[in-house]
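Everything below concerns the one structure shown next.
The values are calculated or read from the model by the stated rules, or taken from the named source; none is laboratory data. Please read all numbers here as calculations on a predicted model, not as lab measurements. Here the Cβ positions follow ideal geometry from the backbone for every residue, glycine too, while neighbour counts run over all protein chains shown. With ligands, DNA and RNA removed, areas are computed over all heavy atoms of the protein, side chains included. Shrake-Rupley method; radii C 1.70, N 1.55, O 1.52, S 1.80 Å.
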Amino acid sequence: MSFLKEIQKRRTFAIISHPDAGKTTLTEKLLLFGGAIQVAGAVKSNKIRKTAVSDFLEIEKQRGISVTTSVMNFNYNGVKINLLDTPGHKDFAEDTYRTLTAVDSVILVIDCVKGVEEQTEKLMNVCRMRNTPVIVFINKLDREGRNPIELLDEIETKLTIKVKPLSWPVGIGISFKGVYNIYENTFSFFKANKQKIEKDVDKFTSTDDPGLQKLFGDEAKILAEEIDLVNGIYEKFNTEDYLDGKLAPVFFGSALNNFGVKELLDSFIKIAPGPQSRETTKGILEPANNKFSGFVFKIHANIDPRHRDRIAFLRVCSGKFERNKFYYHVRLNREIKFANPAVFMAQDKSLIEEAYPGDVIGLYDSGNFKIGDTLTEGEQFMYKGIPTFSPEIFRELWLTDPFKSKQLGKGILQLTDEGLAQVFIQTNGNRKVVGTVGELQFEVIQYRLLNEYGAACQFRHLNYYKACWVVFDDEKDIDELMRIRSHNLFYDKHQNLVFMAESPYQLNAVKENNPKAQFLFNIEHNTETVELDKVA
Ligand code: G4P
């Protein structure tokens, strides 16, 4: 197959949702339809349900499971689908945000009972940063959920995106009968079935078809009215708007019962974009460029402390990747070859000889990679657009055994390279502050520092509100900030200046007093060399 055809047949996407909306279930059902697994239950949820200290091994085991489900690929109707998994636990949300930089589109799952939830909004904000095309799947229609129009309204207002339902539910909960495909005028009968993937479909000429009347009696009229209403309220589906991230097509179904999943998948392969061009420090690069390049968006540590090797997940962005060929690691300014690049499928992993744009490969790594690293065929550029967000929780890191400061420095750097947390060092002292998205990471860090690096540490609670990256043109512009607020000023590990705001009120005051500086809640990853002694 030609290089261009290989690119065109790939679709790389992620399923995202607030925890419990049905992401894992939908993932599994897509794999079932794609023939990648034969029975339901083959994909384990990577949710970390337990949070007690004694459950660390459990956490690690579960993290291990999520390695093998990190990227799943399967073929469906001639299309090669790469599905990137995202952590189910909200404490690992940052991992999800980074994974979103490696996909070309997403499917957003919403629970019809709960509607748009907190994490749904946050994830959508990240999609908006890159105008990622979004398809919405409203799940759990077998349960007594909210009115579909009300749900669509909520999606439009809370997620600030236009929607266009491409299917419409008939009834909900116990009275749920099935889904009418607005585009094809077909109706799929709902049959609760968790294992089988067959379905009955009836075809109609339109919603006025007498066949519908026969099927539903008076309800056919209501359905026809609702669909007229929907067609009246929502503009015609426009693929361009969807591809620009401005319009989200909406499907209804029940992932648990395999219902509406095939319709979703069939439409997905028709409309979802193939591998897209990406921004580099040297401009936009097209996937069809015949020189290989890609970037690392996720690093997974080995759960066995005796083997410190890790897996770096690389998204191929242009050209063809080949096993055992030397590639240029831009940040390290060094050629590296990979003897065992792998792809993952549910519980298995297998060696690959080559990979194309859109593919995600796992590279065994003994510490060469950081999130955001670029590999090329010798060219000097880095991929842009990997965001770092302000952590939500901050703790001061204390070394319990002063003789282990080297181990602690190395450990914390490696763990932050994996994206588990961020570390900040006070500009006028040596205080080290660790920032995370969730409480769970502190437990994981403490456990891993002790078990993998032999460094016992403690965390002291801090009441910071946000870490704000300070962007300025001239040092003079932040004179006052440096003088008056120096105890709140830190460097991140890439030497960017960060203001630790204690409250929104304090941040506003600082912004007013320093009008020429910008205070940002997120920045793009840059992988300049880290000054180890600053952290150790
Ligand atoms: P997540 O990955 O988004 O966190 O959600 P997950 O798929 O694990 O689903 C969360 C819960 O919702 C699971 O129940 C799952 O079975 C259920 N669920 C998913 N899709 C549907 C659906 O279409 N209808 C109904 N009624 N339930 C659905 P659980 O009890 O938490 O887990 P389990 O014991 O069933 O695995």
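Taking the average, over residues, of other Cβ atoms within 10 Å as the packing measure, peptides 350-357, 163-170 rank 163-170, 350-357 from highest down. Using every pair of separate Cα atoms, the Kirkwood estimate puts the hydrodynamic radius of the chain at 24.8 angstrom. Longer than 31 Å from Cα to Cα, which of 337/410; 122/221; 291/432 are they? Say none if no pair is. Over 31 Å apart, Cα to Cα: 122/221; 291/432. Candidate cross-link partners of residue 114 among the aspartates and glutamates, defined by an alpha-carbon separation under 13 Å and a same-chain spacing of 8 or more, comprise 20, 144, 150, 154.
Charged side chains reduced to their Cβ positions (Lys and Arg at +1, Asp and Glu at -1) give the stretch 388-535 a dipole of some 440 debye around its Cα centre.
Bridges between two residues of the stretch 64-177, per DSSP, are antiparallel at a rate of about 55%. Compared with the rule-of-thumb size 2.2 N^0.38 Å for a compact globular protein, the stretch 388-535 has a Cα radius of gyration ratio of 1.04.
Are any of the pairs 140/162; 80/349; 164/246; 158/511; 140/236; 23/262 more than 20 Å apart by Cα-Cα distance, and if so, which? Table pairs above 20 Å Cα-Cα are 140/162; 158/511; 140/236. Our summary gives the chain a relative contact order of 14 percent, counting only alpha carbon pairs under 8 angstrom and 6 or more residues apart.
Exposure check, 1.4 Å probe, all protein chains in place: residue 281 carries approximately 90 Å² of accessible surface. Applying the Karplus relation 6.51 cos²θ - 1.76 cosθ + 1.60 with θ = phi - 60° to the stretch 277-282 yields 3J(HN,Hα) values of 6, 9, 7, 10, 5, 10 Hz, where x marks Gly and Pro. Helix 148-159 axis versus longest C-alpha principal axis of the chain: approximately 20°, rounded to the nearest ten. Between 0 and 90 degrees, the angle of helix 56-68 with respect to the longest Cα principal axis of the chain falls at about 60 degrees.
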